[in-house]
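Take a look at the structure set out below.
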Amino acid sequence: MKNIYFIGECMVELRAMSAATLHQSFAGDVYNSAVYLKRCFPQVTTSVVTALGQDNLSKKMLERFEGEQINTQLVFAHDSKVPGVYYIETDEYGERSFIYWRNDSAAKKVVDFLDADALEQLCQGDMFFFSGISLAIIEESAREHFWKVVTQLKDAGVKIVFDPNYRARLWNSIEETKEQYHLAFTLADITLPGVEDLTTLYNVHSVEAVVEYLEPYKIEEIVVKNGPESVVTKQADTLQSHTIIPVTNVVDTTSAGDAFNGVYLGARLSDKSISSAVQLAAKAAGAVIQQPGAIAPKDIFQLAMVEAGI
Ligand code: ADP
């Protein structure tokens, strides 16, 4: 059975439904990817590696992970911290705005829990995924240990997967981000950047420019996302462009890239070719953006994926 670990943060989501009503759910890039992967490829063991607290919301979050059949063996409970929270509201023009309370979240401590036992378990994985958001939330003092863990996993034959998912507000400076991303690209076997993320950081404005920028890193598999534009992949010397059918009824693009990542990696772990993995991933992302919120209702999502031939 194939096995993938997603390290990072899942938050409590509070969505304003009306002036007096908030809808509470859970979301976060690596969690979103894990959910969509598992929904499409139940045979792949899918684990989230994070830290929560001992509070009731943490317990509910853990139950939600389990409800999505996500393995929680490496979900740790911090003795004094609690999960991060974000509030989202959409104005009358459909513009979304967010407020975050995540600077002191339990997830920032996740690397402290990566002891020899955890490492032994992670070494059994086929893939280890982290994003630019995972990197940003890890405390500076824990970075050295984090990179040591990633290096050990790579040496053990685990494929290292990185999505830059750049969020400027989570970083102190662009220089700091670039330094961390350089380490990530150096160790990555697979990377799934979006053009927009890299534009701010490296002044690259097209899928071709992204591929060229990554050339010196010798990454085995590069998958460049660009909204509704074609996805471009590069494996060894094979460059392929994959046409995406644009969705006309876009409701909320939150987690398009996360759904894409999860389904793409699930497909690759299930021995699908790069082009069929991209098609399935694009179908999943297309379904997700027609629903509000990060996690689409299971039945609607499942139906779209059955239509996609999964
Ligand atoms: P990210 O969230 O990483 O910035 P993108 O916005 O590039 O990701 O989108 C990720 C994927 O979602 C795209 O590669 C595509 O498959 C799908 N997608 C995004 N926007 C659309 C759209 N308008 N129509 C159809 N598919 C879309």
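Each reported figure results from applying straightforward, stated rules to the coordinates on display, with no laboratory input. Just so we're clear, the structure is a prediction, and the values are computed from it rather than from any experiment. No Cβ is skipped: glycine too gets one built from the backbone with ideal geometry, and neighbour counts run over all protein chains shown.
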(request) Pick out, from N226, T199, Q291, the residue whose Cα sits farthest towards the positive end of the charge dipole of segment 194-310, with +1 on the Cβ of Lys and Arg and -1 on the Cβ of Asp and Glu. (result) Q291
(request) For segment 201-251, give the magnitude of the charge dipole about the Cα centre (Cβ charges: +1 Lys/Arg, -1 Asp/Glu; no others), in debye to the nearest 20. (result) 160
(message) Through the Karplus equation 6.51 cos²θ - 1.76 cosθ + 1.60, θ set to phi - 60°, convert the phi angles of segment 232-249 into ³J(HN,Hα) values in whole Hz; use x for Gly and Pro.
(response) 10, 10, 9, 10, 6, 9, 8, 9, 10, 10, 10, 6, 9, 7, x, 8, 8, 9
(request) Determine the dipole magnitude for segment 155-222: charges of +1 sit on the beta-carbon of Lys and Arg, -1 on that of Asp and Glu, nothing else is charged, the reference point is the Cα centre, and the result goes in debye to the nearest 20. (result) 220
(message) Helix-only estimate, please: 222 nm mean residue ellipticity of the chain, summing -39500 (n - 2.57) across DSSP H runs of length 4 or more and dividing by its residues, to the nearest 500.
(response) -11500 deg cm²/dmol
(message) Please list, short to long, the whole-number percent of alpha-carbon pairs of segment 22-83 in consecutive 5 angstrom bins beginning at zero.
(response) 4, 18, 29, 26, 14, 7, 2, 0
(request) Show me 280-289, 182-191, 145-154 ranked by packing, highest mean number of other Cβ atoms within 10 Å first. (result) 280-289, 182-191, 145-154
(request) For segment 133-200, take the alpha-carbon Rg, divide it by the Kirkwood Rh, and send me Rg/Rh. (result) 0.95
(message) Can you give me the distance in nm between label points at E66 and Y213, each placed 7 Å from the Cα along the Cα-to-Cβ direction?
(response) 4.2
(request) Set Lys and Arg Cβ to +1 and Asp and Glu Cβ to -1, take the dipole of segment 1-160 about its Cα centre, and tell me which of H78, G67, A19 lies farthest positive. (result) G67
(request) Towards the positive end of the charge dipole of segment 174-282, with charges on Cβ (+1 Lys, Arg; -1 Asp, Glu), say which of Y217, T186, Y264 has the farthest Cα. (result) Y264
(request) Calculate how many DSSP beta bridges within segment 1-77 are antiparallel, expressed in % of all such bridges and rounded to the nearest 5. (result) 45
(request) Throw me the Rg/Rh for segment 189-310, computed over C-alpha atoms with Kirkwood Rh, two decimals. (result) 0.97
(message) For the pair T253/N226, report the inter-label distance in nm, with labels modelled 7 Å from Cα in the Cβ direction.
(response) 1.4
(message) About the Cα centre, and with charges only on the beta carbon of Lys, Arg (+1) and Asp, Glu (-1), how big is the dipole of the chain? Nearest 20 debye, please.
(response) 540
(request) Report the antiparallel proportion of the DSSP beta bridges in segment 148-263 as a percent, rounded to a multiple of 5. (result) 60
(request) Indicate, rounded to the nearest 5 percent, the antiparallel portion of the DSSP beta bridges found entirely in segment 3-307. (result) 45
(request) Collect residues whose amide H, placed 1.01 Å from N in the peptide plane, falls under 5 Å from the amide H of M11; neighbours closer than 5 in sequence don't count. (result) A27, G28
(request) Provide the per-residue ³J(HN,Hα) series for segment 298-306, in order, calculated from phi with Karplus coefficients 6.51, -1.76, 1.60 and θ = phi - 60°, each as a whole number of Hz, with x at glycine and proline positions. (result) 4, 5, 5, 5, 4, 4, 4, 6, 5
(request) Starting from the Cα of K234, draw a straight line to each of the lysines and keep only those under 26 Å, dropping any in the same chain fewer than 8 residues away. (result) K2, K38, K154, K159, K178, K218, K225, K272, K283
(message) Tell me the Rg and the Dmax, in Å, that the Cα atoms of the chain produce.
(response) 18.2, 56
